Amino acid sequence: MMIRRRNQREESDWADYFQRRAESCRDPALKHYYGAGLPAGDSPIAEVPFVAMDFETTGMNPRHHGIVSVGVVPFTLERIRPAAGNYWVVRPHEGLVQQSVEIHGITDTEIASAPDLDAILPELLDMLEHA
C-alpha cells in the first residue's frame, strides 16, 4: 500500500512538472512538447511507446562540453523501429576534444556545416512526443 501511494505521488509530481513547464516555457517547441503531457500512470507498459536516445559529446564534463550528435530510435515492447528513427550531427558551441573524437569519430569537418542543436530541437521534440 505504501508503494502505491508513492507511485501516485510521483506520477502527480511528473504531471505537475510537465504542466508547469508548459505554462512557463517561452520556446514554442518546448511549450508544445510539455503540453502534450505523459501517458497515464496506469497505462499497461505494453501500450506505452518508448524511444532510445544516444548522445555524443565534445567531452565528459557537462559544464564544459556540448552535444555533437543525437540519435533517436522509437520502440515498443514488441518492436524496434529503426526506420522511424533519426540521427543528427550538430555543431557544439565549443571545439572538439581529441579524446572524444577517438571515441565517437565525429570530426571538425563534419560539425563545420552541421546545424546548431536549437535548429533540430523542434523535430527532436516532435519525435519524442509521437514515438
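The values are calculated or read from the model by the stated rules, or taken from the named source; none is laboratory data. Please read all numbers here as calculations on a predicted model, not as lab measurements. Cβ atoms come from the backbone with ideal geometry, glycine included; neighbour counts cover every protein chain shown. For accessibility, only protein heavy atoms count, side chains too; no ligands or nucleic acids. Shrake-Rupley method; radii C 1.70, N 1.55, O 1.52, S 1.80 Å.
Residues that are hydrophobic (A, V, I, L, M, F, W, C), within 16 Å of the chain's Cα centre (by Cα) and open to solvent by 50 Å² or more (accessible area, probe 1.4 Å) were ranked within region 29-40; the one that is nearest to ALA119 (Cα to Cα) is ALA36. Among the residues making up region 64-79, a single one is among the aliphatic types (A, V, I, L, M) and free of Cβ contacts under 8 Å to residues at least 24 places away in the same chain: VAL73.
Tell me which residues, restricted to region 40-57, are at pLDDT 90 or above and not in a strand (DSSP E or B). Selection gives SER43, PRO44, ILE45, ALA46, GLU47, VAL48, PRO49. Just one of (1) open to solvent by 50 Å² or more (accessible area, probe 1.4 Å); (2) without any contact (Cβ under 8 Å) to a residue 12 or more places away in the chain; (3) of a type in the set (S, T, N, Q) fails for SER43. It is (1).
Among the residues of region 63-104, those identified as of a type in the set (D, E, K, R) and exposed (fewer than 10 other Cβ atoms within 10 Å of the Cβ) are ARG63, GLU78, ARG79, GLU102. All conditions in (1) within 22 Å of LEU121 (Cβ to Cβ); (2) at pLDDT below 90 hold for GLY66, with the sole exception of (2). Taking each residue of region 105-131 that is free of Cβ contacts under 8 Å to residues at least 60 places away in the same chain and open to solvent by less than 40 Å² (accessible area, probe 1.4 Å) and looking for partners that are in a helix (DSSP H, G or I) and of a type in the set (S, T, N, Q) with beta-carbon atoms closer than 9 Å, six or more apart or interchain, yields ILE106/SER100.
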